[in-house]
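Chemist: Here it is, the structure in full.
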Amino acid sequence: MNRKIYYLFLLFLMMSCATSSYVLENRTQTTGLDFTKGKWLLNEIDVPYSLSYELNKQIFTDFEKNLGSRLVRLSDTKGVIVPYKMGFYPNKETLKNLKIGANDFDYFINVKAEIKKNQFGEIDITPQKLNHGGKKQSEVTIEIYDLNLLQIVYSQKAIGSVNLPQNNGDVKLSNSVYNLIRGGYKRLIKDINNKSIIE
């Protein structure tokens with residue numbers, strides 16, 4: 001029994017944690033949204049497949065709290081023609097076409113999440129002398145367009161990252177890139193809710 005405790009203690013001493021950090025990229029986005037008016041269309045989100053169901057459900061739930069029945073998923077509409085993967089930072093012409101395709105909707109919500117780097121696992125056991133560091137990074141972007149004014153009213157990107165410390169123990173624990181995406185989204189919805197007008 002004492003030997004097991006000794007090995008667990010030794011393992012604990014050899015372990016280190018790589019902490020996650022998040023940055024909101026667009027510092028000029030100082031205002032939120034007015035959730036008290038209009039009909040809102042949520043596009044199909046562009047995310048890694050394994051998170052698609054979970055994040056679609058979470059995003060709809062979070063926006064529905066502020067919008068109620070005025071929020072509609074693109075997949076639940078008929079007669080609405082918009083690109084499945086709507087590009088970010090669209091020009092006026094693209095927004096005009098979006099307004100035509102989305103007919104009676106006033107706002108369009110577009111969300112994208114992607115993995116930028118994934119250079120090590122959640123448990124990294126690279127020996128200390130062979131460890132040259134590494135990085136995990138994800139990005140989650142939300143853009144919301146006013147289809148009547150033909151302009152972006154909210155644009156923000158959350159960048160989540162973990163750096164693998166060099167020469168710091170043989171066992172390193174860290175968040176997965178999927179948890180970085182979840183964490184980035186949580187920071188974006190918090191930013192929206194803190195800045196917005198809500199009924």
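The values are calculated or read from the model by the stated rules, or taken from the named source; none is laboratory data. Note that this is a predicted model, so its numbers are computed, not measured. Cβ atoms come from the backbone with ideal geometry, glycine included; neighbour counts cover every protein chain shown. Just so you know, the surface numbers come from the protein's heavy atoms only, side chains and all, with ligands and any DNA or RNA stripped out. Shrake-Rupley method; radii C 1.70, N 1.55, O 1.52, S 1.80 Å.
Chemist: Going through 112, 116 one at a time, which residue ends up being modelled with pLDDT of 90 or more, open to solvent by 10 Å² or more (accessible area, probe 1.4 Å), over 27 Å from residue 69 (Cα atoms) and in a strand (DSSP E or B)?
Modeler: 116
Chemist: Continuing with the same structure: I'm trying to understand the selection: among the residues of the stretch 56-87, which are of a type outside the set (A, V, I, L, M, F, W, C) and part of a strand (DSSP E or B)?
Modeler: Hit for the stretch 56-87 is 73, nothing else.
Chemist: OK, next. Taking the stated definitions as given, is residue 99 in a helix (DSSP H, G or I), free of Cβ contacts under 8 Å to residues at least 24 places away in the same chain, farther than 18 Å from residue 197 by Cα and of a type outside the set (S, T, N, Q)? Spell out the reasoning first.
Modeler: Values: in a helix (DSSP H, G or I): yes; free of Cβ contacts under 8 Å to residues at least 24 places away in the same chain: no; farther than 18 Å from residue 197 by Cα: yes; of a type outside the set (S, T, N, Q): yes.
It is false that residue 99 is in a helix (DSSP H, G or I), free of Cβ contacts under 8 Å to residues at least 24 places away in the same chain, farther than 18 Å from residue 197 by Cα and of a type outside the set (S, T, N, Q).
Chemist: Within the bounds of the stretch 166-184, is there any residue that is at pLDDT below 95, in a helix (DSSP H, G or I) and open to solvent by less than 40 Å² (accessible area, probe 1.4 Å)?
Modeler: The answer is yes; a qualifying residue exists.
Chemist: Another question, if that's okay. Considering 69, 75, which residue is within 26 Å of residue 100 (Cβ to Cβ), modelled with pLDDT of 95 or more and not acidic (Asp, Glu)?
Modeler: Just one listed residue meets the conditions, 69.
Chemist: Then there is this: Would it be correct to say that residue 152 is out of contact with any Lys or Arg (no Cβ under 8 Å at 6 or more places or on another chain), within 30 Å of residue 43 (Cβ to Cβ) and at pLDDT below 95?
Modeler: So residue 152 passes the test.
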